[in-house]
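Here is the structure we will look at.
The values are calculated or read from the model by the stated rules, or taken from the named source; none is laboratory data. Because the structure is a prediction, the values reported are computed rather than measured. When we count neighbours, we look across all protein chains shown, and the Cβ atoms used for this are built from the backbone with ideal geometry, even at glycine.
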Amino acid sequence: MYAMILSDFFLMRNYFVKMAVGFVVLGAFVTLVAGNAPWIILFVSFILPLSWASSLLMLDARRDWEGFRLALPLTRASVMRGRYVTYVLIVFGGALVGMVAYLLAWAISLGAPAASALAMRPIDFDGQILVLVVAASIAIPMATMALILPPLARFSLTRATRFIPVVPLILFAAASLLRDQLQPIYDAMAPFADDVQNIMFTPTGTFIAAGAIVMIGIALYLASCFASMRIYEKREF
């Protein structure tokens, strides 16, 4: 497993550094112009890991390293666990890059008032919103990868890309068909949702909500990892 992690980072470290620098500059600029935009952390933490992971998978497919890797003294479960650990580290790295971009823009707005003139509204640092956005910036990419990685474990990258874009369409169609049936449930839960929202924006509630969001993402990711390991062990090359 550690060999997989080290090899992945050795191959893609320069690409990650270039992406990180680019996203810090882009994120800081967007935050300065848009004003109070902590959502830039979510944007960076979503796009950066997926772009990095897709580049790594394309490199594997182009050089046929998957077959070579299976010839090494590594179990298939170790290969898959190592790849999942690599991806989750990149998710945390993406969230960190997004935070750096946001905090850099905030520091520039404080140290250079002239730069604040570019903003459509002032950057108002809100610690509670920032905590929730960072939690979502970790959980959402993990949940997304939890859906994408099992098909990649079953099929090659070229074949899997034929099916993955269909998944959001199926989910959207299912949600549209079930909207009327789920409306009574939504109406019944609306008061409860309002209470949860009020609690969530208390100091203690913010950290509890952030922890719950991250734990949901981790649970989905672990379930995906176990499923991918079983799928990968039965895959024929």
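Name every residue in region 31-54 that is of a type in the set (Ser, Thr, Tyr) and either at positive phi or surrounded by fewer than 23 Cβ atoms within 10 Å (Cβ to Cβ) (or both), in order of residue number.
At the first step, the residues of region 31-54 found to be of a type in the set (Ser, Thr, Tyr) are 31, 45, 51, 54.
Once the filter is applied, which keeps residues that are of a type in the set (Ser, Thr, Tyr) and either at positive phi or surrounded by fewer than 23 Cβ atoms within 10 Å (Cβ to Cβ) (or both), region 31-54 yields 51, 54.
Taken over region 128-143, the residue count meeting the criterion of being surrounded by fewer than 23 Cβ atoms within 10 Å (Cβ to Cβ) and not hydrophobic (A, V, I, L, M, F, W, C) is 1.
Rundown of residues vs (1) among the charged types (D, E, K, R); (2) more than 26 Å from residue 38 (Cβ to Cβ); (3) assigned to a loop (DSSP other than H, G, I, E, B); (4) at pLDDT below 85, yes/no style:
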residue: 133; (1), (2), (3), (4): no, no, no, no
residue: 145; (1), (2), (3), (4): no, no, no, no
residue: 198; (1), (2), (3), (4): no, no, no, yes
residue: 232; (1), (2), (3), (4): no, yes, no, yes
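Evaluated against (1) crowded, with 16+ Cβ neighbours inside 10 Å; (2) at pLDDT 65 or above; (3) over 19 Å from the mean Cα position of the chain (by Cα); (4) small (Gly, Ala, Ser), residue 119 falls short on exactly one condition, (2).
Residues checked against (1) closer than 30 Å to residue 110 by Cβ; (2) modelled with pLDDT of 80 or more; (3) part of a helix (DSSP H, G or I):
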| residue | (1), (2), (3) |
| --- | --- |
| 8 | no, no, yes |
| 13 | no, no, yes |
| 18 | yes, yes, yes |
| 22 | yes, yes, yes |
| 25 | yes, yes, yes |
| 37 | yes, no, no |
| 41 | yes, yes, yes |
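Listed here are the residues, each with its yes/no results for (1) out of contact with any helix residue (DSSP H, G or I) (no Cβ under 8 Å at 6 or more places or on another chain); (2) surrounded by 16 or more Cβ atoms within 10 Å (Cβ to Cβ); (3) more than 18 Å from residue 23 (Cα to Cα); (4) at pLDDT below 85.
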| position | (1), (2), (3), (4) |
| --- | --- |
| 63 | yes, no, yes, yes |
| 67 | yes, no, yes, yes |
| 70 | no, no, yes, yes |
| 90 | no, yes, no, no |
| 93 | no, yes, no, no |
| 97 | no, yes, no, no |
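A count restricted to region 72-109 and to residues that are closer than 16 Å to residue 228 by Cβ and outside any helix (DSSP H, G or I) stands at 2.
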